[in-house]
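A.B. asks: The structure follows.
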Amino acid sequence: MMLSCFAFRPRLFVALVFLLPVLSGCVSTPLAQRPHPGPPVDDVSFWDGDHLSGSPSVRISLSEQRAYLYKGGQLAGVSLISSGREGLGTLTGDYRILEKDREHRSSLFGAYMDAQGNVMQADVDTSKDPKPPGATYLGADMPFWMRITGGTGMHRGFLPGYPDSHGCIRMPGFMAEHFFHSVAVGTPVRIEP
């Protein structure tokens, strides 16, 4: 009986054929297109350098969003990174580690706080955002800081899965710590496009 009804109403049949999967919840979005509830799972970063010796060196690939640490020319570890976003890109070239600071705070980016420690203004760029009266500046936390050039360095930070920093090379905490303990002031760093 239902079929004879559709035989007389072809437009209704076609509409139901297209709407039924939607109404029943049978339409599935491909996994790659589904929104992620958080940052991507890190199935890339690893450390295998504790048994290696020799002079360290670092190679950073911006196109791959990865940092590689070598000891004596042998690969010791690979880390996912988040480099500089559009307009604040990470500079390429050959550098050396200029400074290490385990508990570093940014002198350029952070937040203005009131006397009670409440955030008055977040995402502050001290070169552009004047300090409100009565405010104090709290620099962004950048643990395991390894300065490469100017205000750019490697450090522990948030990795959203794409370039998102102000130019620094953010790394997951455990990898930033391994890199930090493996490099010294003067360690060569190559940053490639």
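A.B. asks: Can you report the number of residues in region 99-132 which are in a strand (DSSP E or B) and either at positive phi or within 23 Å of the chain's Cα centre (by Cα) (or both)?
C.D. replies: 18
A.B. asks: Which number in (1) under 23 Å from residue 70 (Cβ atoms); (2) open to solvent by less than 80 Å² (accessible area, probe 1.4 Å) marks the one condition that residue 151 misses?
C.D. replies: (1)
A.B. asks: State yes or no: is residue 165 of a type in the set (Ser, Thr, Tyr) and either touching a His at 6+ places or on another chain (Cβ under 7 Å) or closer than 18 Å to residue 91 by Cβ (or both)?
C.D. replies: Yes; evaluated as a whole, the condition is true for this residue.
A.B. asks: Being in a strand (DSSP E or B) and under 26 Å from residue 52 (Cβ atoms): is that true of residue 67 here?
C.D. replies: Spelling it out, residue 67 is indeed in a strand (DSSP E or B) and under 26 Å from residue 52 (Cβ atoms).
A.B. asks: If you take the residues of region 73-87 that are outside any strand (DSSP E or B) and open to solvent by less than 50 Å² (accessible area, probe 1.4 Å), which of them is farthest from residue 153 (Cα to Cα)?
C.D. replies: 81
A.B. asks: Quick one: how many residues across region 170-193 are open to solvent by 40 Å² or more (accessible area, probe 1.4 Å), farther than 16 Å from residue 92 by Cα and in a loop (DSSP other than H, G, I, E, B)?
C.D. replies: The qualifying residues number 2.
A.B. asks: Scan region 133-169 for residues that are among the hydroxyl-bearing types (Ser, Thr, Tyr) and part of a strand (DSSP E or B) and jot them down.
C.D. replies: Once the filter is applied, which keeps residues that are among the hydroxyl-bearing types (Ser, Thr, Tyr) and part of a strand (DSSP E or B), region 133-169 yields 136, 137, 149, 152, 165.
A.B. asks: Being open to solvent by 30 Å² or more (accessible area, probe 1.4 Å), closer than 17 Å to residue 180 by Cα and touching a Pro at 6+ places or on another chain (Cβ under 8 Å) is the filter here, so list the residues in region 55-70 that pass it.
C.D. replies: 57, 70
A.B. asks: Give the residue, chosen from 127, 106, 165, that is open to solvent by less than 40 Å² (accessible area, probe 1.4 Å) and over 25 Å from residue 46 (Cα atoms).
C.D. replies: Unique residue meeting the criteria: 106.
The values are calculated or read from the model by the stated rules, or taken from the named source; none is laboratory data. Worth saying up front: this structure is predicted, and the values here are computed from it rather than measured. Virtual Cβ from ideal backbone geometry, glycine too; neighbours counted across all protein chains shown. When the accessible area is computed, the model is the full protein with side chains, heavy atoms only, and any ligands, DNA or RNA have been set aside. Shrake-Rupley method; radii C 1.70, N 1.55, O 1.52, S 1.80 Å.
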